[in-house]
Amino acid sequence: TNEADCKLSNLPYDFLRDPDGLNFRHYQLSAVEAVENAVINGQNRILLAMATGTGKTRTILGMIYRFLKTNRFRRILFLVDRTALGEQALDVFKDVKLEDLQPLNKIYNINSLEDIDVANETRIQVATVQGMVARILSDDKSRIPSSGDFDCIIIDEAHRGYTLDKELGEVELLYRNQNDFISKYKKVIEYFDAVRIGLTATPALHTRQIFGDAVYTYSYREAVIDGYLVDYDAPHIIKTELNQKGIHHIKGEILPKYNPITKELVNGEELEDEIDFEVEEFNKKVLTPSFNEVVLTELSRYIDPESEEKTIIFAVNDHHADEIVDKLRDIYKAQEVPSGAIEKITYKIGDRSRVQDAIKRFKNEHYPTIAVTVDLLSTGIDVPEITKIVFMRRIKSRILYEQMLGRATRLCSKINKTHFDIYDAVDLYSYLDEYSSMKPVVANPSVTFDELFEGYEKVSDEEEIKFINDQIIAKLQRMKGHMDESQINYFTVISHYDSPEAFIAKVREAKSLSEENCKDILLQAKDAFAAFNIQKTGTSYVPISDKVDTVQEVTRGFGKGQEPADYLESFSTYLKTNKDKIEALEIICTRPADLTVADLRTLSLTLDARGFNPIQLNTAVEQITHEECAADIITLVRRYAIGSSLISHEERIHNAIKKLCKAHSFTAGEKKWIDRIEKYLINESILNEKTFDEFMAWRNQGGFNKVNKIFNNNLGSIIKELNTYLYEDKVS
């Protein structure tokens, strides 16, 4: 190992940087270096966090190649949780050229998803978690792998495998079904004696508990600021009568009912009491055909299913997805849009092959342009043409929300993609928790109250008692809303409390004194929990609301529910307050020609952390002025800090170049470079002498020294003059 570590440490990174090789970006190189340093320093659990769309698979490829080339690892298991992700990785391993223009699968023996038997010459095994678990737990001894078969495991989308995971304590093993509790990921990675490397776009608490803190992080916001991903614009908030006020039905009303299992529609009975539904329950606890229709009709004004752009709509469940597809096809039928433009892509459309075919069609073919899903497309699917994400279901997890947005963050020059749009029909944007640890209190929802109470008999430690207390309280909180009248009557009579809520309040009061007091209260009412074993009356029908809905307005969400004017005012206030405190801000306001790329990046990250970015700032300006605005962050800062004129980025560049050309009589050779500079500045914001040596296309043409000669050694002064013109505007 020491010898291999030395080889790894001494192997140059030139190949990773080579434009004819992997052509790594700066952060990919830093990621590989960080992981290798961790390996060399003896870490066996390593976490790497890279935003969705920043090339994790390509980074893995470079990492694997270096590990195998130096023999640091003998055999690597690349673990995915979905077949689609495994096939995606295999495509990269087959297509990207490495040593002597050969792909990885030509240099090293790779076992694909179907090749489950590890041969001596196998260096890389790509496998799904499910497939590997089946082998580890197989009754056929010949299929069970050795714990030493792999000395390195790389886990893609590591956050997914640990949603219900935590370090197992003895108390949990006493009353939990181990196969239910231990996630499949953990079962696999703990089985093998190997270094574990987890990759994720969204490192949550549970992921860090397994792998430790990330050795390197490259965030979505950094990638946006560096120009490798696109940002999202201020979300479109669709406000309707029902999603703002909820649904209210009075006693005596008759609601038809739907059985989601048998798909049976039956006449309802008179309501014995009034009933209310909030938007979170729409299409889950109550079917809302009118809400669905008005929202989808409004959406059809923004979505063109025959364009090159693609849309993902997230539905509540499979039935809801079917309704969305049917309604959208009906809406677009008048425009003669083919039904194939709108498709459902969920696990329920067929077997694995059919699901994969549907995903590939969405990715590679023109139709469908609108995919309706529940969560199948929430992670790991790369379709750069996605420009719209629609939420028609509430989610509570910030992690899942970011993963869903990650489907639309990729650049796509084919359609000139500059940003993507979010359409929120369920008040999701303001509802989401700012942070989510993704660590459910109920680690295994299927565990019964009886099993939890049995756990008390085998524990004495306060922490273990606390764990069981928390589980019982959380489970009771979750289930009390689903109790029918007979179950509530049983619980209240046996427990001697007026209601489940009153009992929970008493339990919490006892818990504030001590975990032992809490335990005593719970045990005294143990028999009351038999209420949950009583068969509910009636059948699992979902009521169908006949309430008529209308769209009230579609607003844009800036910051935390701010109006456009408030958002711009808070931006201006922040700039003026910090103008003399933040160096890059002071440079932009007083001497912008001195601004460097590093200065601009630092300031952009600082502003972004406060919720200020050019996409949403421009949209806020447009909402107020009703005129298109495409200013860059430098112009926006100068406008709202010192009152400079607000013009588009391209106009600012064009005006400066025009003034420069008017002041000089450039030769043909010089004019060619002035044109190149103008095109460069359209895509970038900073130009200085270093640019000619750092920008690869110019460096390959001789860099600053060569271009300076074309300008008779006056390039430096030309650059300074141009930078002066770039910011020479009138203050309003």
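Against the list (1) modelled with pLDDT of 90 or more; (2) in a loop (DSSP other than H, G, I, E, B); (3) of a type outside the set (D, E, K, R), the condition T537 fails is (1).
If I ask for residues that are aliphatic (A, V, I, L, M) and surrounded by 18 or more Cβ atoms within 10 Å (Cβ to Cβ), which ones from the range 629-645 would you list? Break it down stepwise before answering.
So the first thing to find is which residues in the range 629-645 are aliphatic (A, V, I, L, M), and the list is 630-631, 633-634, 636-637, 641-642.
Correct list: A631, I633, I634, L636, V637, A641.
When you look at I504, is it modelled with pLDDT under 90 and part of a helix (DSSP H, G or I), yes or no? Lay out the reasoning, then the answer.
On the way: modelled with pLDDT under 90: no; part of a helix (DSSP H, G or I): yes.
No.
Residues in the range 655-684 that are closer than 21 Å to G227 by Cα and not in a loop (DSSP other than H, G, I, E, B) were compared, and the one that is nearest to the chain's Cα centre (by Cα) is N683. Residues in the range 615-633 that are touching a residue at least 60 places away in the same chain (Cβ under 8 Å) and in contact with a Leu (Cβ under 9 Å, 6 or more places away or on another chain) were compared, and the one that is farthest from Y574 (Cα to Cα) is I624.
In summary, strands (runs of 3 or more DSSP E) completely within the range 286-384 and bearing 3 or more residues that are under 21 Å from the mean Cα position of the chain (by Cα) and surrounded by 15 or more Cβ atoms within 10 Å (Cβ to Cβ) occur at 310-314, 370-373.
Would you please name the residue that is surrounded by the most Cβ atoms within 10 Å (Cβ to Cβ), looking only at residues in the range 1-18 that are among the polar types (S, T, N, Q) and not in a loop (DSSP other than H, G, I, E, B)? So the residue we want is S9. The set of residues in the range 313-367 that are among the β-branched types (V, I, T) and more than 24 Å from K285 (Cβ to Cβ) comprises I331, V337, I342, I345, I349, V355, I359.
Condition (residue is at pLDDT below 90, surrounded by fewer than 13 Cβ atoms within 10 Å (Cβ to Cβ) and in a helix (DSSP H, G or I)) applied to the range 697-718: is it met by at least one residue? Yes.
Kindly indicate the residue of the range 111-136 that is among the charged types (D, E, K, R) and modelled with pLDDT of 75 or more and also nearest to T70 (Cα to Cα) among those meeting that condition. Show your work before the answer.
First, the residues of the range 111-136 that are among the charged types (D, E, K, R): 114-115, 117, 121, 123, 135.
Applying the additional criterion that residues be modelled with pLDDT of 75 or more yields 121, 123, 135.
Numbers: E121: 16, R123: 13, R135: 30 Å.
So, considering only residues that are among the charged types (D, E, K, R) and modelled with pLDDT of 75 or more, the one nearest to T70 (Cα to Cα) is R123.
Taken together, the residues in the range 400-430 that are part of a loop (DSSP other than H, G, I, E, B) and either in contact (Cβ under 8 Å) with a residue 12 or more places away in the chain or buried (at least 22 other Cβ atoms within 10 Å of the Cβ) (or both) amount to 8. Take the conditions modelled with pLDDT of 85 or more, buried (at least 22 other Cβ atoms within 10 Å of the Cβ) and in a strand (DSSP E or B) and apply them to I154. Does it pass? Answer is yes for this residue. Within the range 541-555, no residue satisfies the criterion of being in contact with a Leu (Cβ under 6 Å, 6 or more places away or on another chain) and either loosely packed, with under 15 Cβ neighbours inside 10 Å or in the same structural domain as D424 (by TED's automatic domain parsing) (or both). Note on the range 492-509: residues that are under 17 Å from D520 (Cα atoms) and out of contact with any Lys or Arg (no Cβ under 8 Å at 6 or more places or on another chain) amount to 10.
When L687, L617, L646 are screened for being among the aliphatic types (A, V, I, L, M) and in a helix (DSSP H, G or I), only L617 passes. Would you call T57 more than 19 Å from L98 (Cβ to Cβ) and either in the same structural domain as S112 (by TED's automatic domain parsing) or at pLDDT 90 or above (or both)? No; evaluated as a whole, the condition is false for this residue.
Give L687, L726, L722, L660 a once-over and let me know the one that is touching a residue at least 24 places away in the same chain (Cβ under 8 Å), within 30 Å of F558 (Cβ to Cβ), hydrophobic (A, V, I, L, M, F, W, C) and surrounded by 14 or more Cβ atoms within 10 Å (Cβ to Cβ).
Working: L687 fails: within 30 Å of F558 (Cβ to Cβ); L722 fails: within 30 Å of F558 (Cβ to Cβ); L660 fails: within 30 Å of F558 (Cβ to Cβ).
Going through L687, L726, L722, L660 in turn, the sole match is L726.
The values are calculated or read from the model by the stated rules, or taken from the named source; none is laboratory data. Since we're looking at a predicted model, the values are computed, not measured. With ideal geometry, Cβ positions are generated from the backbone for all residues, glycine too; neighbour counts draw on all protein chains shown.
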